[in-house]
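Undergrad: Have a look at this one before I ask anything.
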Amino acid sequence: MVKEHSTHSWLGSFAGRLIQLRPHISIGSAVSYAVLSIHHAADQDPHRAAEILVQTNPTLEAGAPWRPVPRLDSHSSRYRTLFGLPQTQPSASSARGVDA
């Protein structure tokens with residue numbers, strides 16, 4: 001019989017099992033590993049998935065496996081860069097459509 005898990009339940013079960021297997025890992029790190037793992041192992045039992053992670057990575061680090069998130073620029077700044085427009089702010093009169 002296949003066990004159905006909600007996303008939150010899967011993450012919690014994975015993180016809990018990971019902490020049992022590697023007590024030096026913080027809760028935050030365990031949850032981070034769970035979030036990174038769910039995309040690849042959501043169809044597996046979360047306890048088994050955590051065990052596989054530990055078996056394949058015997059020296060799991062205590063620090064969170066954070067990946068750097070690229071800075072997101074606003075659409076307007078990307079358009080200015082793309083079309084070579086100056087980085088100026090519109091004045092109050094030009095915003096209302098009033099010519100100087």
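The values are calculated or read from the model by the stated rules, or taken from the named source; none is laboratory data. Nothing here was measured: the structure is a model prediction, and the numbers come from that model. Cβ coordinates were reconstructed from backbone atoms using ideal geometry, including for glycine residues, and neighbour counts include every protein chain displayed.
Undergrad: Of all residues in the stretch 24-43 being outside any helix (DSSP H, G or I) and touching a helix residue (DSSP H, G or I) at 6+ places or on another chain (Cβ under 8 Å), which is modelled with the highest pLDDT?
TA: Looking at the filtered set, the residue picked out is ILE25.
Undergrad: Okay, moving on. Given (1) modelled with pLDDT under 90; (2) surrounded by 10 or more Cβ atoms within 10 Å (Cβ to Cβ); (3) not small (Gly, Ala, Ser), identify the lone condition not met by ARG17.
TA: Going through the list (1) modelled with pLDDT under 90; (2) surrounded by 10 or more Cβ atoms within 10 Å (Cβ to Cβ); (3) not small (Gly, Ala, Ser), ARG17 breaks only (1).
Undergrad: Separate question: Please list, ordered by first then second residue, the pairs with beta carbon atoms under 9 Å, 6 or more apart or interchain, first in the stretch 38-49 and β-branched (Val, Ile, Thr), second surrounded by 15 or more Cβ atoms within 10 Å (Cβ to Cβ).
TA: So the pair list comes out as ILE38/TRP10; ILE38/LEU11; ILE38/PHE14; ILE38/PRO46; ILE38/ALA49.
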